[in-house]
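**Q** One structure follows; several queries about it will come next.
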Amino acid sequence: MAEILGTELMDKDDKFTANMVDVLLPLSEEEIKILPSDAPDIIHTRLLENWHCMSAVYKHNGKIWTRASAQIWIEVSDFEYVARALATICRDLVQEATGSQ
């Protein structure tokens, strides 16, 4: 997911990762400042309603992250789908906040 999003994992050393992973969303500090304060909730809702998938989205240390959980029925393609969805949602949110297309 981090590779698709062009970001990084919270646990860079993989010491605390089991079946969940925290991935930074592709939003700069400047972009986060112009987004609505409920941006994590907006991202989460759009994932559910528009993309029909789920990954927790939360703010931590001034950045917005997602936490994805691996289950036995989840395939790599599911993580790739969520990452592409998150990239699109983040891009759209920034465009809406700045009024650009």
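**Q** Suppose R0 equals 22 Å; then what is the FRET efficiency for R84 and Y58 from their Cβ-Cβ distance, rounded to the nearest 0.05?
**A** The formula returns an efficiency of 0.65 here.
**Q** What whole-number value in Å² describes the accessible area per residue of the chain for a 1.4 Å probe? Show your work: numbers first, answer last.
**A** Working: 6470 Å² over 101 residues.
With all protein chains present, the chain gives 64 Å² per residue.
**Q** Using a 10 Å Cβ count of at most 10 others and DSSP loop calls, identify the longest part of the chain lacking such trypsin sites (Lys or Arg not before Pro).
**A** The longest such stretch corresponds to 16-101.
**Q** May I ask for the longest run of the chain untouched by chymotrypsin sites (Phe, Trp or Tyr not before Pro) that are loop-located per DSSP and have at most 10 neighbouring C-beta atoms (other than their own) within 10 Å?
**A** 17-72
**Q** Which GluC sites (Glu not before Pro) does region 26-101 hold that lie in a coil by DSSP with at most 15 other beta carbons within 10 Å?
**A** E75
**Q** Ok, one more. Binning at 5 Å from 0, report for the chain what percent of all alpha-carbon pair distances ends up in each bin.
**A** Result returned by the calculation: 2, 13, 25, 26, 19, 9, 4, 1, 0.
**Q** Of M54, Y81, W65, which is farthest along the charge dipole of region 31-101 in the positive direction, counting Lys and Arg as +1 and Asp and Glu as -1 at C-beta?
**A** So the residue furthest toward the plus end is W65.
**Q** A further question on this structure: What FRET efficiency do you get for D38 and E75 if R0 is 41 Å and r is their Cβ-Cβ distance, rounded to the nearest 0.05?
**A** Values: r = 31 Å, r/R0 = 0.76.
Efficiency for this residue pair is about 0.85.
**Q** I've got another one for you. How many nm separate the modelled label positions at E30 and E8, each set 7 Å beyond the Cα in the direction of the Cβ?
**A** Those two pseudo-labels are separated by 2.0 nm.
**Q** Taking only DSSP H segments of four or more residues, each worth -39500 (n - 2.57), what value at 222 nm results for the chain once the sum is divided by all its residues, to the nearest 500 deg cm²/dmol?
**A** Here the helix-only value at 222 nm equals -14000 deg cm²/dmol.
The values are calculated or read from the model by the stated rules, or taken from the named source; none is laboratory data. The shown structure was predicted, so the numbers you read here are calculated from the model rather than taken from an experiment. All Cβ positions, glycine included, derive from the backbone under ideal geometry; neighbour counts span all protein chains shown. For the accessible areas, the whole protein counts, side chains as well, though only heavy atoms, and no ligand, DNA or RNA atoms are used. Shrake-Rupley method; radii C 1.70, N 1.55, O 1.52, S 1.80 Å.
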